[in-house]
Amino acid sequence: MASSSAYSNSPCAACKFLRRKCMPDCIFAPYFPPEEPQKFANVHKIFGASNVSKLLNEVQPHQREDAVNSLAYEAEARIKDPVYGCVGAISVLQRQVIRLQKELDATNADLIRYTTCTEIPNHDIAATRIGGEDGGGSSLGQSPPPAFYYPSPWNNNDPLGDGFHTGGGDNI
Ligand SMILES: [Zn+2]
């Protein structure tokens, strides 16, 4: 948006597609560069050029790039999957999250079982407390704090957001 002369030499992807002259104040030019002709072709096929132009004029200039990226993403998904569009991708990922969450819960349950069964001397605080109360026979009711609990972004609020790195489950 700083200088309109940067893209005045060659028409933007939208104007080239629509076979019209790309004016210096072309609303499409900042978001549909000539190097990405497919981006406009997809958006035009799904939403129509006049609807995109109307939408860009309605939103604030600082929101236009996000709006175009969203339209381009949705148009590409709709071309790949005409029935479900990006909802198809979302439901596949949601099913994957549920499956991985179950896997993670099962692995955490295994870890808790192993740490309570083997009373490691290093963990003497938790181990002696359980051993002293009922002889270590049935300690499942009062399990110690899970020493190797793997955090997950879906079962706790990870403020750093780096819980994803431990979500794979293949490091066991
Ligand atoms: Zn243009």
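Hey, does the stretch 74-94 have a residue that's within 10 Å of the ligand (Cβ to nearest atom) and among the aliphatic types (A, V, I, L, M)? Steps first, please.
Restricting attention to the stretch 74-94, the residues satisfying the condition of being within 10 Å of the ligand (Cβ to nearest atom) are none.
No - not one qualifying residue is present in the stretch 74-94.
Search the stretch 28-42 for residues that are in a helix (DSSP H, G or I) and pair each with any residue that is surrounded by 18 or more Cβ atoms within 10 Å (Cβ to Cβ) and among the small types (Gly, Ala, Ser) when their beta-carbon atoms are under 7 Å apart and the residues are at least 6 apart or on different chains.
37/13; 39/13; 39/72; 40/13; 40/14; 42/72; 42/75
Bear in mind these aren't lab numbers, they're just calculated from the coordinates by the rules spelled out. What you see is a predicted model; the values in this text were computed from it and never measured. Please note: Cβ atoms are built from the backbone with ideal geometry, for glycine as well, and neighbour counts cover all protein chains shown.
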